[in-house]
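See below for the structure under consideration.
Any read-out appearing in this document is the output of simple, stated calculations on the displayed coordinates, not a laboratory observation. The structure displayed is predicted, hence computed values, not measured ones. As a convention, Cβ positions derive from the backbone with ideal geometry for all residues, glycine included, and neighbour counts pool all protein chains shown.
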Amino acid sequence: MKYCQESAKMHELGIAKTIVEIAIEESNHKIVKEIHLKLSKIDQIVADSLMFYFDIIKMDYQNLNEAELKIEYQPLIGKCIQCKTKYSIDDLFFLCPKCNNGLEIIEGQEMFIDKIIIYD
C-alpha cells in the first residue's frame, strides 16, 4: 500500500503522475492490468479528471498501456469530541447526531494505492 500524501496537495494531473510513478516502481516494469486507488470523500478530487489524465500519462509507458485505474471511495468515520461515539459520515455535516457536538474524522481521509494487479 503506497500513500499519495504529497500529491494530495496537487490537482488531478499531479496525482495521476504520482500514481504512474508508483505503479512503475511497484510492478518492477511488468505489464500492469489494474491499479486500485482508494480516495476519501473529502479529497475533492474529480474522478473523471483523474482518470482522463491517467489515461494520457500511461501511454508513455509500455507496461501501463493496458492499465485500468479503478477508484473506490472509502467511508469516512468520525468520533464525537464530546460523547466519543463513532459514526459513519455520509454527508459533509460534521455534527454528532446523538449530542449535536462536533465530530473528529478518525478514518477515511487517506488517499492510497490499495493494490496493483499485473499480468502473469
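In a DSSP loop and with at most 14 other Cβ atoms within 10 Å, the trypsin sites (Lys or Arg not before Pro) in segment 34-120 are K84, K98.
Taking amide H atoms as placed 1.01 Å from N in the peptide plane, the amide H of H11 has no partner under 5 Å among residues 5 or more positions away or on other chains. The spread of Cα positions in the chain, taken along each principal axis and listed from longest to shortest, comes to 55, 26, 20 Å. In order along segment 62-72, the Karplus-derived 3J(HN,Hα) couplings, from 6.51 cos²θ - 1.76 cosθ + 1.60 at θ = phi - 60°, round to 4, 6, 10, 3, 9, 5, 10, 8, 10, 10, 10 Hz, and Gly and Pro are given as x.
Run through segment 44-108 and list the GluC sites (Glu not before Pro) located in a DSSP loop whose Cβ has at most 13 other Cβ atoms within 10 Å. Don't jump to the answer; show the numbers that get you there.
Details: sites: E66, E68, E72, E104, E107; in loops: E66.
Here the GluC sites (Glu not before Pro) that fit, given the DSSP loop and packing criteria, are E66.
Put the Cα centre of segment 73-88 next to the Cα centre of segment 37-66 and the gap is 29 Å. Near I31, the amide H atoms lying under 5 Å from its own belong to Y119; only residues 5 or more places off or on other chains count, and H is placed 1.01 Å from N.
Model label sites at H11 and H29, defined 7 Å from Cα along the beta-carbon direction, differ in position by 3.3 nm.
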